[in-house]
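Asker: I have a structure here, written as structure tokens, and I will follow up with some questions on it.
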Amino acid sequence: DLAKLTPETRALLDRIVRVDHAGEFGADRIYAGQLAVLGGTPTGPLIRHMHEQEQDHLAAFEALIPALRARPTVLMPFWRVAGFALGAGTALIGKEAAMACTVAVEAEIQEHYNAQLRSLLADNPELHADLMRVIARFRDEEAEHHDTGLREDAESAPAYPALSAAIRAGCRVAIFLSERI
């Protein structure tokens, strides 16, 4: 019962569901952008598979928003455009840059999900058991995407270290903002 939660626990759940919903929405848009450019190439089916998993993640958080009475971020229109632009932009550079984008985003998201799991564990592991299972499963699928990107030559992308660092920094900013507004 949501009414019995402490204000601190409510705030924790609201923040987690809001930012994860935004993140999975952003991932959906990134893969949509990549598919717009690379969908008809030999890499298309692989990107489509990862996109389908992100759509499942997004659906789960879309269900949690009303269930936990969480407030979505007001930045969704921005993330719609920014995510698609990031996906399409890196794909236009080439398959390797698209995979570098995947590796950078998924590395940041794995760390983010691990931090959330630690917060939920510290707050009340019994109360949060179901949400922790969902986040852990999604984290593991994001790790698969990360490793797939590496196998698909992400590190061969032009200016890989700079591209990766810029995307990871952008992810950290997106997480910070989406947790709060």
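The values are calculated or read from the model by the stated rules, or taken from the named source; none is laboratory data. Quick caveat: nothing in here was measured; it's all calculated off a predicted structure. Please note: Cβ atoms are built from the backbone with ideal geometry, for glycine as well, and neighbour counts cover all protein chains shown.
Asker: Do you know which residues across segment 138-181 are polar (S, T, N, Q) and over 26 Å from His21 (Cα atoms)?
Answerer: Once the filter is applied, which keeps residues that are polar (S, T, N, Q) and over 26 Å from His21 (Cα atoms), segment 138-181 yields only Ser156.
Conditions (1) of a type in the set (Asp, Glu); (2) touching a helix residue (DSSP H, G or I) at 6+ places or on another chain (Cβ under 6 Å); (3) closer than 26 Å to Ala59 by Cβ; (4) surrounded by fewer than 13 Cβ atoms within 10 Å (Cβ to Cβ), marked per residue:
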position	(1), (2), (3), (4)
Pro125	no, no, yes, yes
Ile135	no, yes, yes, no
Gly149	no, yes, yes, no
Ser156	no, yes, no, no
Arg180	no, no, yes, yes
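Asker: Based on what the data block shows, is Ala162 among the small types (Gly, Ala, Ser), crowded, with 19+ Cβ neighbours inside 10 Å and under 18 Å from Ala98 (Cα atoms)?
Answerer: no
Asker: Same structure again: Starting from residues that are among the aliphatic types (A, V, I, L, M) and under 30 Å from Thr6 (Cα atoms), keep the ones in segment 78-124 and report whichever is nearest to the chain's Cα centre (by Cα).
Answerer: Ile109
Asker: Quick check, is Leu86 farther than 18 Å from Asp153 by Cβ, in contact (Cβ under 8 Å) with a residue 60 or more places away in the chain and in contact with a Cys (Cβ under 9 Å, 6 or more places away or on another chain)? Walk me through it before giving the result.
Answerer: Numbers: farther than 18 Å from Asp153 by Cβ: yes; in contact (Cβ under 8 Å) with a residue 60 or more places away in the chain: yes; in contact with a Cys (Cβ under 9 Å, 6 or more places away or on another chain): yes.
Answer is yes for this residue.
Asker: Look at Leu92 and say whether it is modelled with pLDDT of 95 or more, in contact with a Leu (Cβ under 7 Å, 6 or more places away or on another chain), within 29 Å of Pro161 (Cα to Cα) and among the aliphatic types (A, V, I, L, M).
Answerer: Considered against the rule, which asks whether it is modelled with pLDDT of 95 or more, in contact with a Leu (Cβ under 7 Å, 6 or more places away or on another chain), within 29 Å of Pro161 (Cα to Cα) and among the aliphatic types (A, V, I, L, M), Leu92 comes out as no.
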